[in-house]
Amino acid sequence: ITAPPLWPALPVSFVVDGSPRGLPAPPRQLYEAQQVNPAKVFLDHGTDEGTIFAGLMYAAYPWYKGPELTHAATDEIMTWAFNSSIVKIYPHGRGSMAPFYRMSRVISDSTFLCPHRRFAKAMSERYPNSVFYAETTFAGGEATENTNWLSALVHRDLEYFVGAWHMNQVKWIFGANDTLKICNSTKPGDTGFDPAPWLKEDERMHQLVNCHYALFAHCGSPAATNSTCAQEVLKVHSCQVAASAGLLRPSPFLPFEAAGEKRFALTPLTSPAYVAPTAEENELCAFWDAQKPMHFLTSACRSCAKHTKEAHEKEIV
């Protein structure tokens, strides 16, 4: 019997079956051993990837009857999912270190940020000029208009609270805002949900992302270079819109190693820029880099035996 590493809270993972036609070893082991195909890679993750998964963890944690957004509950869930040392590395606090955002950051760091960094470093060392690493820092146009949580709550702005989350990259590709504003009962017959507005900043982000993707797909680089290929791609509508808004410059999107291991910031709010790793980020990623890979394990229902025994003992009492 096999199970995901966070079963029963998280029902999905990849299967390391040991076969050459399947997955012979954990992906990290394969790419660090240079057992991967040479290919150009466009990496991208959101600044706040973990927010949606933090909500799911509170809702799906099997040993609570209902979600508990407290530091104590967060400590227990993080210890269950990883180990007790996580509590010290991501200490209690307020604001960005409030319970929900602590959980979000742990997930962002362990599952998105640090693995992306590891992969980019390993691949760029083996295949120079092949990895282009971006970070979506833009949450959405309306999120920039609300300056505090009260304003965001009044305007029912979900993206102010979840940031540049896991699903907002989808709308930057397809150009449709499927984020709903909840509790809208001002209109007769309203169901309580209302689509969030699509602002000019959102449209610029949509065009900017598609321009970089088009450049990468056709030319092997998302940068607006002077090559014949890039000059042809820059004639498409998305690139024309991005260029007219001042969001493109000649060759700002450099390969990972040429950029000094910085991440290209995908946002319509500034001219092309990079996100530089901080000392704190490097320290946290050093911790996660030292952890063992997580994948499907044999009979790995975490804490099931312990909690089943405790429930049985309570029934006897």
Can S104 be described as in contact with a helix residue (DSSP H, G or I) (Cβ under 6 Å, 6 or more places away or on another chain) and either at pLDDT 85 or above or acidic (D, E) (or both)? yes
Tell me whether segment 1-9 contains one or more residues that are modelled with pLDDT of 90 or more, open to solvent by 50 Å² or more (accessible area, probe 1.4 Å) and not aliphatic (A, V, I, L, M). no
What residue, among those in segment 83-117 that are more than 25 Å from F161 (Cα to Cα) and over 15 Å from the mean Cα position of the chain (by Cα), is most open to solvent (accessible area, probe 1.4 Å)? S84
Residues satisfying the stated conditions in segment 220-241, i.e. open to solvent by 40 Å² or more (accessible area, probe 1.4 Å), assigned to a helix (DSSP H, G or I) and farther than 21 Å from F174 by Cα: T228, C229, Q231, E232
Looking at (1) at pLDDT below 90; (2) under 25 Å from D202 (Cα atoms), which one does V317 not meet, given that it meets all the others? (2)
Just give me the residues in segment 61-82 being open to solvent by 40 Å² or more (accessible area, probe 1.4 Å) and either among the charged types (D, E, K, R) or farther than 30 Å from R126 by Cβ (or both), in sequence order. P62, W63, Y64, K65, P67, E68, L69, T70, H71, A72, E76, T79
Out of all the residues in segment 77-92, is one or more charged (D, E, K, R) and at pLDDT 80 or above? yes
With the requirement that a residue be assigned to a helix (DSSP H, G or I) and surrounded by 16 or more Cβ atoms within 10 Å (Cβ to Cβ), what does segment 254-285 give you? L284, C285
Checked pairs for segment 243-259, first charged (D, E, K, R), second assigned to a loop (DSSP other than H, G, I, E, B), C-beta under 6 Å and 6 or more apart or across chains, list as R249/P272
Mind checking whether some residue in segment 106-115 is over 19 Å from G55 (Cβ atoms) and in contact with a Ser or Thr (Cβ under 8 Å, 6 or more places away or on another chain)? no
Just to check your reading of the model, which residue among W172, W149 is open to solvent by 40 Å² or more (accessible area, probe 1.4 Å) and modelled with pLDDT under 95? W149
Only one of A164, A143 is modelled with pLDDT under 70, open to solvent by less than 30 Å² (accessible area, probe 1.4 Å), within 16 Å of D48 (Cβ to Cβ) and of a type in the set (A, V, I, L, M); which? A143
Checked S303, S251 against criteria (open to solvent by 20 Å² or more (accessible area, probe 1.4 Å), at pLDDT below 90, among the small types (G, A, S) and closer than 27 Å to V87 by Cα); the one match is S303
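The values are calculated or read from the model by the stated rules, or taken from the named source; none is laboratory data. Source: prediction; values computed, not measured. Don't worry about glycine lacking a Cβ; one is built from the backbone with ideal geometry, like all the others, and counts go over all protein chains shown. What goes into the accessible areas is simple: the full protein's heavy atoms, side chains included, and nothing from ligands, DNA or RNA. Shrake-Rupley method; radii C 1.70, N 1.55, O 1.52, S 1.80 Å.
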